[in-house]
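First up is the structure itself, then whatever we jot down about it.
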Amino acid sequence: MRTLMKTTWVELKLFAREPLTVLFTFAIPFVVLFVLGGVFGNRPADPHVYRGFGILNYYVPAYIALVVAAIGLIALPVHLAAYRERGVLRRFRASTIPVWSVLGGQVAATFLIGVLASLILVVLALAVYHTRSPQSLVGVLAAFFLGAIMFATLGLFLGLALPTARAAQGAGVLLWFVMMQISGPGAPPEVLPTALLRVADATPLKHLVVLMQDPWFGLGWNGPEMLIVLGFFVVAALLTIVFARRS
Amino acid sequence: MGTVIEVQRLHKEYGSLVAVDDVSFQVMAGEIFGLLGPNGAGKTTTVECLQGLRHADGGQMRVLGLDPWKERSSLRRRIGSQLQESALPDRLKVWEALDLFATTSLSRSAREQLLEQWGLADKRNTSFSSLSGGQRQRLFVALALVNQPEVVFLDEVTTGLDPAARRTTWDLIEQIRERGTTVVLVSHFMDEVERLCQRVAVVNHGRIVALDTPARLVEQRAQQRRVLFHWEGEPLSWLESLPHVRAVQQQGNQVEVQGDGAVFQHVAAALLQRGIEPDDLRVERPTLEEVFLQMVGKSDEE
Ligand SMILES: Nc1ncnc2c1ncn2[C@@H]1O[C@H](COP(=O)(O)OP(=O)(O)OP(=O)(O)O)[C@@H](O)[C@H]1O
Ligand SMILES: [Mg+2]
């Protein structure tokens, strides 16, 4: 436990020392939010689009999911693949620090950074655009927790499976970008062709977006979506274990 | 003084390549044990198996009484490792690395002492990526020692160090030993091995071709002598019939007589008798380096 806290703290410090990653993590969702807010304002709800909740209301929980996905799919795998590529993981392996603490520290750091980025996003959205605040805070927090851990685990798997940091970057950005477009945080699901919606169903982000939005808008806890997100987590965790043993 | 490391018929293959081919040796408590050998000999593979970083394909190993693979997490707490190739996160600072690798909280004075010892005191706030190659190397040794291990493995620890840092490192390695820590030292450098090691195993193509004290390794071959001089004239093949002479080689006006023991005295006397008085007559004994090259060369021919 002490080791896990140490590795988490070190990972947080290392993250803070990467100006570009910090900028990317904290700034992009905002920029998009402000552009949207500038263009549309928080228009009154149109029942045919944005699940009937109004554009900015719709996007706030979706962007939280998007931030979590960015850290899990891009920042974490690139970082971990670089560790492997450069022999950092070997160095840790040969020390008293168990590899699980190193990986655990990365997950924990990812989670905490996700919390911070989401808080900033929510506070700004509430303050500037008076978006709807979460109807069920417990539900939103639970969805966030599940989603962040799921994406961080997925990130571990990518970081262990991809051969180089460069490959991890390529794969991560591609996955993230595609998901951003079709899984909810981009075009509203109502305007997407059915074929793309089917593809979106296969992405974890789509299910996390709904899992976040439902309690946020007072639709209650979405059990089926929770099971799907948990399913992604279990698969990612199993793959992580397999690859961690192998590397 | 008991046995700290016991290796019997250690075997390791990478695909079809046999990297370590049934190697056996023991390391005694408190000694500096050397593994010497050319590139690709299997030294790193051997010590990585001993540290539980690689799974051996065959053979028995005990390090501090533990099975290095099955009990690697217990072993980890009792050994220190400096790997031939590794790195730390670019932006990790020197003092943070020491803190991270210390199993128990490192007191400020203990940390400062390590930094001081390894010449890193003024680099404590420098990030890993800004350290020079030699400074990184020294940081890795400091990290290997931070938990007061019973055995340390040093794999090419002085590679990339300047001559002064090399000497300092040698002194520090001797200090490690004086504190009672056993050291396994992988090296390419004869002077290093000669200076530091109580015993050394010469490894080539995954096998141990010799294992002894550095002095005895030289001595065994030091019976061999080469007598050299210049001579322009008739062939001197008759020298071969002298006692202690093994072979005579003449290339141009350069003569080399190979033999052992008192070969020089016999050759000199015989030459004098025939009125041959070369003014550059001299005898050479092999150095550890030549002994090494000879051993390594010999097993190459097999
Ligand atoms: N991970 C690996 N996969 C495949 N082959 C390997 C691997 N590691 C080492 N080898 C091969 O095994 C042999 C022994 O390598 P090893 O690193 O043990 O040599 P070494 O004695 O430490 O050499 P050097 O002095 O160059 O460090 C070499 O032929 C090397 O190419
Ligand atoms: Mg080596």
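The values are calculated or read from the model by the stated rules, or taken from the named source; none is laboratory data. All values reported here derive from a predicted model rather than from experimental measurement. Neighbour counts run over all protein chains shown; Cβ positions are idealised from the backbone, glycine included.
Brief remarks follow.
- Wholly enclosed strands (runs of 3 or more DSSP E) of the stretch B:6-97 bearing at least 3 residues touching a Gly at 6+ places or on another chain (Cβ under 7 Å), in contact (Cβ under 8 Å) with a residue 24 or more places away in the chain and within 13 Å of ligand 1 (Cβ to nearest atom): B:17-28
- Enumeration of residues in the stretch B:100-114 that are surrounded by 13 or more Cβ atoms within 10 Å (Cβ to Cβ) and within 14 Å of chain A (Cβ to nearest Cβ): B:100, B:101, B:102, B:103, B:106
- Top-ranked residue of the stretch A:91-111 - restricted to ones that are out of contact with any Asp or Glu (no Cβ under 6 Å at 6 or more places or on another chain), crowded, with 17+ Cβ neighbours inside 10 Å and hydrophobic (A, V, I, L, M, F, W, C), ranked as farthest from the other protein chains (Cβ to nearest Cβ): A:111
- Of everything in the stretch B:85-99 that is surrounded by fewer than 18 Cβ atoms within 10 Å (Cβ to Cβ) and either out of contact with any strand residue (DSSP E or B) (no Cβ under 7 Å at 6 or more places or on another chain) or of a type in the set (S, T, N, Q) (or both), the residue that is farthest from the other protein chains (Cβ to nearest Cβ) is B:99.
- Residues of the stretch B:207-216 satisfying the condition of being surrounded by 16 or more Cβ atoms within 10 Å (Cβ to Cβ) and touching a Lys or Arg at 6+ places or on another chain (Cβ under 9 Å): B:209, B:211, B:214
- Scanning the stretch B:113-145 for residues that are within 27 Å of residue B:27 (Cβ to Cβ), at pLDDT below 90 and touching a helix residue (DSSP H, G or I) at 6+ places or on another chain (Cβ under 6 Å) yields a count of 2.
- Residue pairs whose Cβ atoms lie under 7 Å apart, separated by 6 or more positions or on different chains, with the first residue in the stretch A:78-90 and within 9 Å of chain B (Cβ to nearest Cβ) and closer than 21 Å to residue B:76 by Cα and the second of a type in the set (A, V, I, L, M, F, W, C) and outside any helix (DSSP H, G or I), are A:87/B:87; A:88/B:87; A:88/B:88; A:90/B:83.
- Only one of A:36, A:12, A:4, A:20 that is part of a helix (DSSP H, G or I) and away from every other protein chain (no Cβ under 14 Å): A:36
- Some residue of the stretch B:127-140 being within 16 Å of ligand 2 (Cβ to nearest atom), of a type in the set (A, V, I, L, M, F, W, C) and in contact with a strand residue (DSSP E or B) (Cβ under 8 Å, 6 or more places away or on another chain): yes
- In the stretch B:115-155, of all residues being away from chain A (no Cβ under 14 Å) and more than 21 Å from residue B:90 (Cα to Cα), the one that is farthest from ligand 1 (Cβ to nearest atom) corresponds to B:116.
- Looking across the stretch A:16-60, the residues that are closer than 30 Å to residue B:94 by Cβ and touching a helix residue (DSSP H, G or I) at 6+ places or on another chain (Cβ under 6 Å) come down to A:21, A:25, A:26.
- Residue in the stretch B:16-23 that is within 16 Å of ligand 2 (Cβ to nearest atom) and facing chain A (nearest Cβ under 10 Å) present: no
- Answer from B:53, B:64, B:83, B:98 - the residue that is under 21 Å from residue A:88 (Cα atoms), in contact with a helix residue (DSSP H, G or I) (Cβ under 9 Å, 6 or more places away or on another chain) and more than 16 Å from ligand 2 (Cβ to nearest atom): B:98
- Of all the listed residues (B:88, B:92, B:106), the sole one being touching a Lys or Arg at 6+ places or on another chain (Cβ under 7 Å), more than 16 Å from ligand 2 (Cβ to nearest atom) and over 30 Å from residue B:200 (Cβ atoms) is B:88.
- Conditions (1) at pLDDT 90 or above; (2) buried (at least 16 other Cβ atoms within 10 Å of the Cβ); (3) away from chain B (no Cβ under 14 Å); (4) in contact with a Phe, Trp or Tyr (Cβ under 9 Å, 6 or more places away or on another chain): number failed by residue A:116: (2)
- Residue, farthest from ligand 2 (Cβ to nearest atom), within the stretch B:158-171, restricted to residues that are modelled with pLDDT under 90 and of a type in the set (A, V, I, L, M, F, W, C): B:164
- Some residue of the stretch B:172-189 being at pLDDT below 90, within 15 Å of the chain's Cα centre (by Cα), within 12 Å of residue B:36 (Cβ to Cβ) and in a helix (DSSP H, G or I): no
- Strands (runs of 3 or more DSSP E) wholly inside the stretch B:217-261 that include at least 3 residues being loosely packed, with under 15 Cβ neighbours inside 10 Å: B:245-251, B:254-260
- Looking only at the stretch B:166-196, and only at residues there that are in contact with a Ser or Thr (Cβ under 8 Å, 6 or more places away or on another chain) and hydrophobic (A, V, I, L, M, F, W, C), the one that is farthest from ligand 1 (Cβ to nearest atom): B:170
- Evaluation of residue A:179 against (1) of a type outside the set (Phe, Trp, Tyr); (2) modelled with pLDDT of 95 or more; (3) touching a Ser or Thr at 6+ places or on another chain (Cβ under 8 Å) (one fails), failing number: (2)
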